[in-house]
Amino acid sequence: MKKVDLHIHTKSSNQDRDFLFSEDNLKRYVCNAELDCIAITNHNLFDREQFEGIRSSLDILVLPGIEVDVEKCHVLVLADGRDLDEFSDRCDEVARKWQANGISLRHEEFEDIFGNLRQYILIPHYLKDPKISPESLRKLEGHIHCGEVSSPKKFLTCLNDPEMLVPVFFSDCRISDTLSDLPTKQTYVDCEELTFGTLRQVLKNRDKVSLSNTGGNSYFQIFPDGQKLSTGLNVVLGDRSSGKSYTLQRICDWFGAENTRYIRQFDLVARNEAEDERKFKDFLSEKTSLFSREYLADLQEAVAHMLEINLQLDLDTVEQYVSTLLTYARETSRHDAFSKAKIYNEEPFSQKNLRGLENLISSTKQLVSNVEYRSIIDKHIEQAALKALYVELMKAYCNHKELNQKKDWVNTAIHDIKAKLQRKSSAPSVTDVDLLRVAMNKRAVARFEDLVKAARKPKTPLRKKKGSFEIVAQVGPFMRSGELKDLSRSTKGFSAAFEKYDRPFEYLQELRKIGSPVAASDFSKYLVKVEYKILNRDGLEASGGERSEFFLLDKIEGASSADVLLIDEPESSFDNHFLKAEVNEIIKEMSRKMPVVVVTHNNTVGVSIRPDYILYTQRKAEGSEIKWQIFSGPPTSKKLVSTDGLELQTRNILLGNLEAGVRTYEERGATYEDLKD
């Protein structure tokens with residue numbers, strides 16, 4: 001196995017913070033991390049002189065590279081280094097374009113500058129910001145086989161999905177003169193001899209890359225001293241003030257606070273009943289709002305259409321039309337040459353509504369361009385047929401659009417001519433009215449009323465288990481105006497509006513009059529009542545300590561979007577039955593998706609949870625200096641070992657930290673035996 005880091009910065013650019021490159025720190029990094037290959041990849045620039053100095057000072061493979069902004073993503077371009085003149089000239093062109101306008105290269109510009117892309121290793125940001133888009137990935141198809149990720153979790157996600165790129169994990173480090181902690185983010189590649197050619201080949205094969213040298217992808221290095229973590233479930237043990245929280249914080253810093261779900265000790269326990277209730281109400285309010293927005297999205301779209309309709313204006317226009325038509329018919333004696341012209345009372349052309357066709361074109365475009373579900377789409381509809389459909393729909397759209405524009409032009413001309421004729425004629429004119437639009441508006445309102453009535457019928461659209469709790473969303477009508485006031489969280493009165501609640505279209509007009517904070521974009525949630533509830537195992541609304549239990553389960557489950565989950569002593573706030581029956585199960589489930597680290601003193605968590613890896617922290621005072629040490633290993637190992645080779649007996653550590661020592665454990669066992677009969 002060879003260890004590589006192909007994303008290293010040695011020169012600051014206007015996309016970086018300023019730093020001074022340290023060749024000594026680079027040598028220290030290469031030596032301490034035992035790297036076999038590195039690549040120098042600065043942002044939109046390549047310093048040939050600096051690169052040649054670095055390459056001559058190291059006895060490993062050093063590749064020339066550049067990190068290029070291409071269509072709003074970052075792509076590493078690595079060369080074999082045999083023709084530095086040519087590569088340097090191409091990179092200089094990238095630098096010139098970047099300095100000139102400061103925007104990403106278009107794909108065409110990227111290809112023009114670098115020519116034959118097959119001669120390089122191209123590595124885009126994949127599951128890492130700013131990530132490559134599916135469209136850009138499609139344009140570079142055949143040239144890109146691996147993608148850079150930002151965490152072990154994302155590495156495994158790619159590795160386990162054959163539809164995704166081969167993952168690589170690099171430091172993306174600035175080798176500055178102030179660099180103290182050396183990077184620990186590298187990738188191991190399985191090859192005997194490391195050359196540019198063999199590297200290009202192994203990076204096409206997901207079976208040839210891993211996070212560790214000997215542990216495959218079960219472990220990854222977390223600290224510069226060689227300390228590892230499991231990609232599954234880690235349990236941290238230790239005496240009070242032995243460095244457990246310090247270790248958790250270092251892990252948090254390694255992943256980045258924004259990528260970490262950190263459940264700190266006592267975080268979920270309310271300080272008083274009022275605070276607990278307020279926090280729970282805020283949680284339910286937020287969840288209700290999110291669910292309502294999603295559940296009522298279609299209704300809100302209908303509301304937006306209703307707000308464009310003015311039935312009173314339609315009625316007035318029709319009445320005016322009928323009145324002027326009768327007047328025109330009665331006063332035939334006043335007709336003259338101007339009023340007898342056919343165009344005098346000509347109706348304007350109605351234009352075709354293209355919204356439905358636009359949505360259809362958008363949906364077809366998504367089917368054509370979708371990468372994630374390409375195989376499923378191709379199984380049912382050939383790509384060529386989809387593209388042909390897209391082209392035909394676009395042609396139809398262009399034809400309709402052109403016809404609408406022609407109608408608009410003709411209508412404008414008719415309107416101008418009619419206005420001139422009517423000014424010169426003494427005969428009365430007939431007011432224009434679009435009777436079709438008036439009829440369609442009336443029909444649309446009737447259908448909207450039916451839609452709202454159907455939406456208000458009591459139902460339970462969501463029922464989901466979370467441990468022993470059940471999350472329920474119930475839908476129905478509002479029964480009193482006070483409920484609307486509570487929903488708005490304002491002092492505004494809703495009595496007048498609620499009188500028309502059974503007539504949804506009129507009710508909307510009343511909501512309009514209320515104003516802020518009742519925004520038109522949220523009118524749907526005032527039409528239909530949505531309640532989000534958390535029920536306990538007895539079917540009653542959760543209260544008191546049950547709320548804290550639910551919050552813990554929710555926090556753990558909500559960590560799915562993070563790269564790591566850290567939990568500090570959950571037993572401090574919850575009883576053993578809850579921990580064993582519910583928390584252990586959900587933690588174990590989460591550890592199948594991401595690294596999880598739990599600090600505990602409790603045997604219900606520490607042993608029953610069956611961790612993949614154990615870390616034992618120890619605090620040592622050497623003179624006036626405090627040192628933190630970690631012993632670690634799998635729970636099946638008889639010894640826990642520190643990175644400097646010291647050993648401790650696993651059994652003694654477990655009994656000492658989880659059972660208060662061997663004697664206490666044996667006394668407790670004897671007590672249970674005495675009570676057995």
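All of the numbers you see were taken from the coordinates with simple rules; none came from a lab. Just so we're clear, the structure is a prediction, and the values are computed from it rather than from any experiment. Cβ: placed from backbone, ideal geometry, glycine included. Neighbour counts: every protein chain shown.
Side notes on the structure shown:
- Region 332-427 - charge dipole about Cα centre, Lys and Arg +1 at Cβ, Asp and Glu -1, debye rounded to 20: 500
- Segment ILE626-LYS424, length gained on full extension (0.36 nm per residue, minus Cα span): 62.6 nm
- Length available on full extension from ASP177 to ARG619: 0.36 nm per residue minus the Cα-Cα distance, which gives 156.1 nm.
- Nearest-0.05 FRET efficiency for GLU34 and ASP239, computed from C-beta distance (R0 30 Å): 0.35
- Region 2-221: relative contact order as a whole-number percent, Cα under 8 Å and 6+ apart: 22
- Within the straight-line cut-off of under 21 Å between alpha carbons, the lysines reachable from LYS395 are LYS352, LYS365, LYS387, LYS406, LYS407, sequence neighbours fewer than 8 places apart in one chain being disregarded.
- Using the Cβ-Cβ distance between ALA274 and ARG330 with R0 set to 60 Å, the FRET efficiency works out to roughly 0.20.
- Considering only the chain, percent of DSSP beta bridges that pair antiparallel, nearest 5: 55
- Distance from region 6-46 to region 454-521 (C-alpha centre basis), Å: 57
- Of the DSSP H helices in the chain, those with a Cα length along their own long axis of 24 Å or more and a mean Kyte-Doolittle hydropathy reaching 0.0 comprise 311-330, 435-455.
- Between the residues VAL410, GLN221, ILE653, the greatest Cα displacement towards the positive end of the dipole of the chain, with unit charges on the Cβ of Lys, Arg, Asp and Glu, is found for VAL410.
- For region 252-347, Kirkwood radius (reciprocal of mean inverse C-alpha pair distance, Å): 21.1
- Distance between the 7 Å Cα→Cβ label points at ARG48 and LYS407: 6.4 nm.
- When the listed pairs LYS244/LYS465; LYS340/LYS424; LYS453/LYS485; LYS27/LYS639; LYS154/LYS379; LYS27/LYS204 are checked against a 24 Å cut-off, the alpha-carbon distance exceeds it for LYS244/LYS465; LYS27/LYS639; LYS154/LYS379; LYS27/LYS204.
- In percent, rounded to a whole number, the relative contact order of the chain is 14, using alpha-carbon pairs under 8 Å and six or more apart.
- Mean Cα-pair separation over length for region 446-519, i.e. relative contact order, pairs under 8 Å, 6 or more apart, %: 23
- Per-residue Cβ neighbour counts within 10 Å put CYS191, CYS398 in the sequence CYS398, CYS191, beginning with the fewest.
- Cα convex hull of region 332-427 - mean projected area over all directions, nm²: 8.2
- Mean Cβ count within 10 Å, highest first, over the residues of peptides 64-74, 332-342: 64-74, 332-342
- Comparing SER363, TYR397, GLN351 along the charge dipole axis of region 332-427, the residue lying farthest to the positive side is GLN351, per the Cβ-charge model.
- Approximate spin-label separation HIS143-GLU301, in nm, with each point projected 7 Å along Cα-to-Cβ: 3.8
- For region 2-221, the Stokes-Einstein estimate of translational diffusion at 20 °C and a viscosity of 1.002 mPa s comes to 123 µm²/s, using the Kirkwood hydrodynamic radius over alpha-carbon pairs.
- Region 166-245-region 333-354 distance, computed between alpha-carbon centres (Å): 79
- Gain upon complete extension [PHE19, SER56; 0.36 nm per residue less C-alpha separation]: 11.1 nm
- Every helix of 4 or more DSSP H residues in the chain counts as -39500 (n - 2.57), and over all residues that averages to -13500 deg cm²/dmol at 222 nm.
- On the basis of the beta-carbon distance and an R0 of 22 Å, LYS492 and LYS281 show a calculated FRET efficiency of 0.65.
- Computed from Cα atoms alone, the Kirkwood hydrodynamic radius reported for region 453-554 is 15.3 Å.
- In the list [x] 31.4, 106; [y] 34.8, 120; [z] 28.0, 95, the label attached to Rg and Dmax of the Cα atoms in Å as derived from the coordinates here is [y].
- Only one residue of PRO134, LEU20, VAL62 has its Cα farthest out toward the positive end of the dipole of region 2-221, where Lys and Arg carry +1 and Asp and Glu -1 on Cβ, and that residue is PRO134.
- Percent antiparallel among DSSP beta bridges (both partners in region 48-161, rounded to 5): 70
- Cβ-placed point charges (K, R +1; D, E -1), dipole of region 1-67 about Cα centre in debye, nearest 20: 120
- Dipole magnitude for the chain: computed about the Cα centre from +1 point charges on Lys and Arg Cβ and -1 point charges on Asp and Glu Cβ, it is near 2600 debye.
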